[in-house]
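For reference, the structure discussed in these notes is given below.
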Amino acid sequence: MMRHDLPEDRWHKSSYSTDNGGNCVQKQKTADGYVAAGDSKNRQLGAHAFAPAVWQEFVTAVADGKL
């Protein structure tokens, strides 16, 4: 299992997220180049880290309506 230190000030939400009180999925790039995704309202649960190519496949599938 990899451990990533995820600074609070590096989280970004999607430009497609509405102003819904801050409850959204956020992401940040880790020091070793992975993409970490976490829940803004449950930060204490941690985050999942993905290789950049895997994250891009996910984003593309969502944008294409496949997910």
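FYI, it's all coordinate maths here, none of it is from the lab. What you see is a predicted model, and the numbers here were worked out from it, not measured in a lab. In this analysis, Cβ positions are derived from the backbone assuming ideal geometry, glycine residues included, and neighbour counts consider all displayed protein chains.
A few points about this structure:
- Cα extents for the chain along the principal axes, largest to smallest and rounded to whole angstrom: 32, 30, 17.
- Computed [θ] at 222 nm, helices only, for the chain once each DSSP H run of length n ≥ 4 contributes -39500 (n - 2.57): -5500 deg cm²/dmol
- Based on C-alpha pairs under 8 angstrom that are at least 6 apart in sequence, the chain has a relative contact order of 21 percent.
- Dipole in debye (nearest 20) - the chain, about Cα centre, beta carbon charges: Lys, Arg +1; Asp, Glu -1: 60
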